[in-house]
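Rule-based calculations on the coordinates, nothing more; no lab input. Values in this document were obtained by computation on a predicted structure and should not be read as measured data. Reconstructed Cβ throughout: ideal geometry from the backbone, glycine too, with neighbour counts over all protein chains shown.
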Amino acid sequence: MVSIATLSLWPAAYLPDVPGSDKTHHFIAYAALMFPTALKQPKFYLSITIGFIAFSGAIELIQPYVNRYGEWLDMAANTTGLLCGWLIAKTALVVSQKSS
């Protein structure tokens, strides 16, 4: 979360040029955030997931104050990344249980 917050709030002019679209970066970052959480399946898993979505929204609301652009499509990419990170983790758990 610290990496996501830092890169999301860093002034755009000082960010390195990375291949891929902004939405792809959002998607990958939030999928990577969700994946280990979904693998571990902590007790308050749903609350944590809602917290990740709220964190994503807070970042988008703060961005205009640090010379960035908050976009609803970024939040949609974040949420989609969370969902895909969850699906990948669940698939990995099912495959590992069948292998045992």
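Ordering Met75, Met34 from the fewest to the most neighbouring beta carbons within 10 Å gives Met75, Met34. The label-point distance for Asp17 and Lys40, in a model that sets each label 7 Å from Cα toward Cβ, rounds to 3.8 nm. Shown here: the chain, whose C-alpha atoms stretch 50, 29, 21 Å along the first, second and third principal axes, sorted largest to smallest. Each of Trp10, Trp86 was scored by other Cβ atoms within 10 Å of its Cβ. Listed from fewest to most, they are Trp10, Trp86. Only helices enter this figure: runs of n ≥ 4 DSSP H residues, each worth -39500 (n - 2.57), summed and divided by the residues of the chain, yield -25000 deg cm²/dmol at 222 nm to the nearest 500.
What does the C-alpha gyration tensor say about the overall shape of the stretch 1-56? Classify as rounded when a/c is under 1.5, otherwise prolate if a/b is larger than b/c, or oblate. Since a/c reaches 1.5 and a/b is larger than b/c, the shape of the stretch 1-56 is classed as prolate.
Exposure proxy shown here: for Ser99, Ser8, the number of other Cβ atoms within 10 Å sets the order, fewest to most, as Ser99, Ser8.
Two numbers describe the Cα atoms of the stretch 29-76: Rg and Dmax, which are 12.5, 38 Å. Principal-axis analysis of the Cα atoms of the chain puts helix 72-99 at an angle of about 20° to the longest axis.
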